[in-house]
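The values are calculated or read from the model by the stated rules, or taken from the named source; none is laboratory data. Since the model is a prediction, treat every value here as computed from it, not as a measurement. So basically every Cβ, Gly included, is an ideal-geometry build from the backbone, and we count neighbours across all protein chains shown.
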Amino acid sequence: MVDRREAIATLTAAGEDYELTEVELFGRTCRAFKNAPPTLRQLYEDNVSELDFFVYEDERYTFAQTWRLASRIGALLVEQYGVQKGDRVAISMRNYPEWVTSFYAATSIGAIAVPMNALWQPDEMAYGLKDSGAKVLLADQERLDRLARCEQPQGLSVLAVRPSKPLPPGVRELGEALAAIPEDAEMPLRDVSPNDDATILYTSGSTGHPKGAVSCHRNVISALLSWELDFRAGALTAGLDTGAPGQPPAQPVTLLAVPLFHATGSHAVFLASIRAQRRIVSMYKWSVEQAAELIERERVSSFIAPAAMTGDLVEHARVTDRDLSTLVAVGGGGAHRAPEQVAGIEKAFTAALPRTGWGMTETNAIGTSIAGADYLGRPASSGRCSAVLDIRIVDDAGSDLPTGERGEVQIRGTSIIRGYWKRPDANATTFVDGWLRTGDVAYLDDEGFLFIVDRIKDLVIRGGENIGCGAVESALLEHPSVMEASVYAVPDERLGEEIGATLYTTERLAQEELRSFLKPRLAAFEIPRYFHFHQAPLPRTASGKILKRQLRQEAVARISD
């Protein structure tokens, strides 16, 4: 038995699989994995096998089939759409197999994959396509319908995935387009380096439009190997990593219930499954009954999801006789779990231990992690820092704070994005001497465990979905009778947080009228659940700012009554 520091030192020593070295990345020196695949393409090619990789309803694809299908899409993008290195390829659809093969293809040919939020409304979709300058969009029917209601950017080519309606002029069905590409087509070869851009993931800010977080291949792969290292270190500290020969273990299986356009889905579930040769069982949308059925039928061993989903599963396990005994890991992130749910995971599933972590789109979803006994003993903690990252807590002046003192979390290292797409203003305010300002308020205990206690950013985190309060306020203020709007987070047992809004209006408005007004302007998850109305201007500070904290406290008190 060794402690975590000793385990990581052993696993990252010279000659070991996770040996660390120093590299220059975006003008800063970082710790990186010496033996990591240099690019995502190499990651895919190194792990081609005949094991099942992606399961969707009655469709099953092996790792080899996935690579062959992706190679044909890659050839299509290059030969018929002229996609060059650095061009953006947008993906907007549900968690279909085509999402995975399109991402494989784009990142293998040197293009930049742009996983678009599938919940975006037409104006948000138009913004993402225009801002990224996407050359090609691969979209399913729901997204095609939204695209038809917005101004399509000039020069955008569209490929339809699983369409159910006649296609508009100029839009081609992916399967039909692929008919001209040979079954044995090879992935076009491009000169791609570890520091070349690979992805743009849009992240909801507290105000204004989403920002495109740009990651290179090294950023993404560093996050994947960091999770592997944390897992191996955890096994070593628990005395489980024996390395003894014996029967080959059963193929690990994970349930994909979170959207692939989030870093949790794309990185912690999808990409992290490749080296692990893990089978992914994908759901069309969340249903706890179907999830339990799939876990039982596919012998699922791991599940990563926000607290709302894992809480649903804990409750379902308590009241049904489904056999969920194959689960050995129930991970989380995006929102705090209640301590009762952390303990409930251990009780509800025969062999499963709870785990969670803290990360951001800007960190490629890695940051801190905690599992097992550590988590059960510290259910409010987000864990300890990844070995290739550094964390510090600073005061308003940017000075380091001692253990136990609260301040802003700042983070740096190999998985941190190079910056925001075409946003030097955001880069200037977010990055300080190589450190990423997270906007989270937290403290570190004397063992290095991180405890997040508040946010500087004006965000609601609803079921793991970041919602900018400013964007919701702007939509509300478009209503002619809404003079002032203040949007804030209120606690919610299932989702972690819900959206509340206090409004000053010139006439009495019905809540359903407001929701109908917001429906074409916001995604469904962004529409407030709670509305409170003032017949006078909202209270403000001496400097003129709305007293949001006071309004939130009043709203929480009303909801609790």
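On the stretch given as the range 319-346, residues that are over 21 Å from the mean Cα position of the chain (by Cα) and at pLDDT 85 or above total 10.
Does any residue of the range 172-189 turn out to be over 22 Å from the mean Cα position of the chain (by Cα), over 21 Å from Q84 (Cβ atoms) and in a helix (DSSP H, G or I)? Yes, the conditions are met somewhere in the range 172-189. Checking V83, V100 one by one, the residue that is at pLDDT 95 or above and in contact with a Leu (Cβ under 7 Å, 6 or more places away or on another chain) is V83 and no other. Please verify whether the range 530-546 includes one or more residues that are over 21 Å from L459 (Cα atoms), aromatic (F, W, Y), surrounded by 16 or more Cβ atoms within 10 Å (Cβ to Cβ) and within 31 Å of the chain's Cα centre (by Cα). Within the range 530-546, none of the residues are over 21 Å from L459 (Cα atoms), aromatic (F, W, Y), surrounded by 16 or more Cβ atoms within 10 Å (Cβ to Cβ) and within 31 Å of the chain's Cα centre (by Cα). For the subset of the range 185-230 comprising residues that are at pLDDT below 95 and among the small types (G, A, S), which member is surrounded by the fewest Cβ atoms within 10 Å (Cβ to Cβ)? In this case the residue turns out to be G208. Reported count of residues in the range 402-431, each being among the hydrophobic types (A, V, I, L, M, F, W, C) and under 16 Å from R28 (Cα atoms), is 5. Read through the list (1) free of Cβ contacts under 8 Å to residues at least 40 places away in the same chain; (2) assigned to a loop (DSSP other than H, G, I, E, B); (3) aliphatic (A, V, I, L, M); (4) assigned by TED's automatic domain parsing to the domain that holds K130, then give the number of the only condition that A13 fails. Of (1) free of Cβ contacts under 8 Å to residues at least 40 places away in the same chain; (2) assigned to a loop (DSSP other than H, G, I, E, B); (3) aliphatic (A, V, I, L, M); (4) assigned by TED's automatic domain parsing to the domain that holds K130, only one is false for A13: (4). Candidates are the residues of the range 116-135 that are crowded, with 20+ Cβ neighbours inside 10 Å and touching a helix residue (DSSP H, G or I) at 6+ places or on another chain (Cβ under 6 Å); the one that is nearest to N219 (Cα to Cα) is M116.
Say we look at the range 347-383 and pick out the residues that are among the aromatic types (F, W, Y) and touching a Leu at 6+ places or on another chain (Cβ under 7 Å); which of these is surrounded by the fewest Cβ atoms within 10 Å (Cβ to Cβ)? Result: F349. Residues in the range 465-504 that are part of a loop (DSSP other than H, G, I, E, B) and buried (at least 21 other Cβ atoms within 10 Å of the Cβ): L495 alone. Checked against the criterion of being touching a helix residue (DSSP H, G or I) at 6+ places or on another chain (Cβ under 8 Å), more than 29 Å from G332 (Cβ to Cβ) and touching a residue at least 24 places away in the same chain (Cβ under 8 Å), the candidates A471, A475, A485, A489 yield just one match: A475. For residues that are crowded, with 18+ Cβ neighbours inside 10 Å and of a type in the set (S, T, N, Q), scanning just the range 407-436, find the one that is nearest to T21 (Cα to Cα). Across the range 407-436, the extreme among qualifying residues is T414.
Listed conditions (1) in a helix (DSSP H, G or I); (2) in contact with a strand residue (DSSP E or B) (Cβ under 8 Å, 6 or more places away or on another chain) are all met by Q290, apart from (2).
Taken over the range 63-98, the criterion of being under 24 Å from the mean Cα position of the chain (by Cα) and among the polar types (S, T, N, Q) is satisfied by T66, S92, N95. Could you check how many residues of the range 345-366 are out of contact with any Lys or Arg (no Cβ under 8 Å at 6 or more places or on another chain) and within 26 Å of G413 (Cα to Cα)? Going through the range 345-366 one residue at a time, the tally reaches 11. Take the conditions (1) at pLDDT 90 or above; (2) within 30 Å of the chain's Cα centre (by Cα); (3) part of a strand (DSSP E or B); (4) not assigned by TED's automatic domain parsing to the domain that holds G332; F451 misses just one of them, which is (4).
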